[in-house]
Structure formats: structure tokens, C-alpha cells
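Report on the following structure.
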Amino acid sequence: MYIRTWLFEKGMRKVIKCILHNKPIPNNLLEHAAACDSNGYVLGLKVNRSITNAIIMDISNPVVTYEGLKFYEFRHPNLKANVSIILSIFASVLSLSVAVLSNLDDILQNLQNYFL
């Protein structure tokens, strides 16, 4: 049982890598291969489950789809949004710092007049 989704997705990427390099899919990655098939990342896999919920897979010339390649190559889907937020925060702090430093003499003089 996987506690983190990124661990399961890592296994799915291993399945896609095996298919891209024409290597057999290991038995410990059958659940991941079934997820690749159900998500449409791989064609040519016929996945069935037995009465005991074991995975029975018929592999006949598997092919990675375009969606599978996008999933395989782009491992951090939220990275673009996070980077843009971080950059905008950095730009705001930088502009605030420049505004304060450019008017530092006036600010210090006003503070002196206020407290004295």
C-alpha cells in the first residue's frame, strides 16, 4: 500500500520507461502498469483481475501514448505555478525594499521629528 501518490507515480514512470526501452515489466510493477493502462498512458496492455484480485496482464506490443510521454517527462505539474508565485513575492519584496531605501533619508527625518 502506498502512502504517497508520488511513490506510486514513480512506479508508473518505471513502467513507461520499461516500455520505451523494450524491457519486460517486472511483476512488482503490475499494479502500476494497470494504472498506466487505465489512465491512457499505455496502449497494448490488457489488464484483468482474478477472483482473488490478482492482476492478470496480457502484454502485446505495448506503446506509450502522447499523454504517457507528457506524464513521464513532466514530473512536477505544480512547479510552474509555484515558481511564478515565488517570483512574484520576491519581486514585491524587492520593490518594497527599493522604495524604502530610496526614501530612507525622508523616513528617518520624519521619525526624528515625530519622536523628538
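Kyte-Doolittle cut-off -0.5, length cut-off 15 Å along the helix's own axis using Cα: show which whole DSSP H helices in the chain pass. Let's see the in-between values first.
Values: long enough: 5-20 (22 Å, 0.39); 79-102 (34 Å, 1.89); 104-115 (16 Å, -0.30).
Long hydrophobic helices here: 5-20, 79-102, 104-115.
Please give the net charge around residue 15, taking every other residue with its beta carbon less than 12 angstrom from that of residue 15, where Lys and Arg add +1 and Asp and Glu add -1.
+2
So how much slack lies between residue 85 and residue 18, counting 0.36 nm per residue of separation and subtracting their Cα-Cα distance, in nm?
Full extension of this stretch gives 20.5 nm more.
Cα-based Rg of the range 5-73 per 2.2 N^0.38 Å, rounded to two decimals?
1.01
Which entry in (1) 43, 33, 21; (2) 72, 22, 19; (3) 85, 28, 18 is this structure's computed Cα extents along the principal axes in Å?
(3)
Do any chymotrypsin sites (Phe, Trp or Tyr not before Pro) in the range 8-116 lie in a DSSP loop with no more than 12 other beta carbon atoms within 10 Å, and if so, which?
When the chymotrypsin sites (Phe, Trp or Tyr not before Pro) of the range 8-116 are filtered for loop state and at most 12 Cβ neighbours within 10 Å, 74 remain.
Pop a pseudo-label 7 angstrom from the Cα along the beta-carbon direction at both residue 96 and residue 38 and give the gap in nm to one decimal.
Reported label-point gap for residue 96 and residue 38 is 4.6 nm.
Please list, or write none, the aspartates and glutamates whose alpha carbon is within less than 18 Å of the alpha carbon of residue 23, excluding same-chain residues fewer than 8 places away.
List returned: 31, 37, 58.
In a shell of Cβ-Cβ distance under 13 Å around residue 57, excluding residue 57 itself, what net charge do Lys and Arg (+1) and Asp and Glu (-1) give?
Residues close to residue 57 contribute a combined charge of -1.
Considering only the other residues whose Cβ falls under 14 Å of the Cβ of residue 26, what net charge follows from Lys and Arg at +1 and Asp and Glu at -1?
Once all neighbours under 14 Å are counted, the net charge is +4.
Here, each number is a calculation from the coordinates, and none is a lab measurement. Being a predicted model, the structure only gives us computed values, none of them experimental. Please note: Cβ atoms are built from the backbone with ideal geometry, for glycine as well, and neighbour counts cover all protein chains shown.
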